[in-house]
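Read the figures in this text as sums done on the coordinates, not as results from a lab. What you are looking at is a predicted structure, and each value in this text was computed from that prediction instead of being measured. Every residue, glycine among them, receives a Cβ derived from its backbone with ideal geometry; neighbour counts consider all protein chains shown.
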Amino acid sequence: MSTISKQILQPADWAEPRGYANGVAATGRQIFVAGQIGWNSQCQFESDDFVAQVRQALWNIKALLAEAGANPEHIVRMTWYLLDKREYLARGREIGTVYREVLGREYGIAMTAVQVAGLIEDRAKVEIEVTAVLPQ
């Protein structure tokens, strides 16, 4: 599988972001993955721990990308919906560890994280959606 040509959008006079890109330009077949939460393939939560749910949501994303013949290197945009931004910030190292475990060291991704009042599934603590681009 060939890799996509991503152009990281980074004005020369801007500070470098850590762990993400401010913007990404890419061409190819677009893949849109709906928000994934921390439950397994049978729609069952195995943990109420925030980081465990992040890990599972990322595994769900990876599985859906594989269905389209894509992998994490094809992700160009990621949006995180969080119930508790303080927990997200406090557990950043753990999140980084599970991110690298599941997705590797792919940081050329335009990312957004927002705190929300609630998610549709009561036990969900995080929901993550992605856009990926496969080469033509």
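What the table below lists for this structure:
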quantity	calculated
Dipole of the chain, positive direction: furthest Cα of Gln56, Met111, Ala12, with charges on the beta-carbon	Ala12
Largest-first principal axis extents of the Cα set of the chain (Å)	39, 36, 24
Ranked Glu16, Glu46, Glu94, Glu127, criterion: other C-beta atoms within 10 Å, fewest first	Glu16, Glu46, Glu94, Glu127
Neighbour-count ranking [beta-carbon atoms within 10 angstrom, fewest first] of Lys125, Lys6	Lys6, Lys125
The range 74-136: C-alpha gyration tensor shape, a/c 1.5 cut-off, then a/b vs b/c	oblate
Centroid-to-centroid separation of the range 73-136 and the range 8-35 [C-alpha atoms, Å]	14
Relative contact order of the chain, defined on C-alpha pairs under 8 angstrom at six or more residues apart (%)	40
Which of Ala21, Ile95, Gly38, positive extreme of dipole for the range 7-134 (C-beta unit charges)	Ala21
